[in-house]
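What follows is a set of notes on a single structure, which appears directly below.
The values are calculated or read from the model by the stated rules, or taken from the named source; none is laboratory data. A quick note: this is a predicted structure, and the numbers were derived from the prediction, not measured. Note that we place each Cβ from the backbone using ideal geometry, even for glycine, and neighbour counts take in every protein chain shown.
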Amino acid sequence: MASVDPNSTSGTSIVCVGTVSPEPRAIQFAEQVSRALGFDLVLLHVPEPGEEVESGESILNQTRELLTEAPQRVILENGDFEKTLHQEVDREPYQLVILGTSCRSPEEHLTKRCQRLALDLADSVLVMCDPPEKLRHLLISTGGHPGSIPVEDWGIRLARRSGAEATILHVVTDAPSMYIGLPALDEGLEEILSRETPLAQHLKEAVRKADSAGVSVKLSLRHGIVVEEILRACEKEHYDLIVIGSHEPGRILDHLAMGRIGPQLLSSVKTSVLIIRTEADTY
């Protein structure tokens, strides 16, 4: 897994180009997010069995023409797509894997393969679903403790460099937490921020960092089950991108974090999702 450094201004994203025509908005959105994070682009296309070499080259050429800057590298390799992608990200230190670039209806959910890869890959992942022409408003979901700092930092950096507005969302659950000093379920945002708990300090620090970066930010608090409240927030207000955190798959705490949140969110959401791999549990 490539290490997560939210302050780095260099790195590489690998864009997985499907076997059908690339969706222009998806390719342009992938480039916009990557460039805003300071990453170069690598294009990967793995032909389907029986696909002509010329067809794969044509798809990659179409993709290149949609970019404002030339990719760092282009990979055209035969084999099984998922196996090839896993081998490539194991071989090279990518900071971000981008999925969902092919044409499909805006009403469609993420494909099962996108969902599976998003949960299985050890690198941070951007999965696109009905991407906009320009990133204008993103939702940063924070667990309210140190494990969420990379998520907030990536989100703030992305908002600053893209000129987008940001909403930092914390969901208060009924799960006990000795560390963050979890408040009563009926407490509102002002009540929580008035306390001197680690949670209150963390949320105020996240807003301070956003303000310091010149990012227009709003702090939001919801009560309930994390994934359900993220979906409700997206129903109430339009977001172009959801930024959430998860540590590396396979670790035992993954069952408490992405293992609980990821599958339901990715199978239900109709918004692009940026999953930041972190070193600590994020929920």
*Please work out which one of (1) modelled with pLDDT of 90 or more; (2) under 16 Å from the mean Cα position of the chain (by Cα); (3) not in a loop (DSSP other than H, G, I, E, B) is the condition Asp211 fails and give its number.*
(2)
*Among Gly224, Gly245, Gly262, which is modelled with pLDDT of 55 or more and surrounded by fewer than 15 Cβ atoms within 10 Å (Cβ to Cβ)?*
Gly224
*If you take the residues of the range 163-193 that are of a type in the set (A, V, I, L, M, F, W, C) and modelled with pLDDT under 60, which of them is nearest to Ala210 (Cα to Cα)?*
Ile180
_Count of the range 187-218 residues which are surrounded by fewer than 18 Cβ atoms within 10 Å (Cβ to Cβ) and in contact (Cβ under 8 Å) with a residue 40 or more places away in the chain_ = 6
_Pairs needed: first member in the range 1-24, farther than 30 Å from Glu48 by Cα and hydrophobic (A, V, I, L, M, F, W, C); second member anywhere, at pLDDT 90 or above and not in a loop (DSSP other than H, G, I, E, B); C-beta distance under 7 Å; at least 6 residues apart or different chains._
Val4/Ser124; Val4/Pro150; Val4/Ile276
*Matching entry among Thr111, Thr101 (being under 23 Å from Pro263 (Cα atoms) and free of Cβ contacts under 8 Å to residues at least 12 places away in the same chain)*: Thr111
*Determine whether the range 132-140 contains at least one residue that is surrounded by 24 or more Cβ atoms within 10 Å (Cβ to Cβ) and touching a Lys or Arg at 6+ places or on another chain (Cβ under 9 Å).*
no
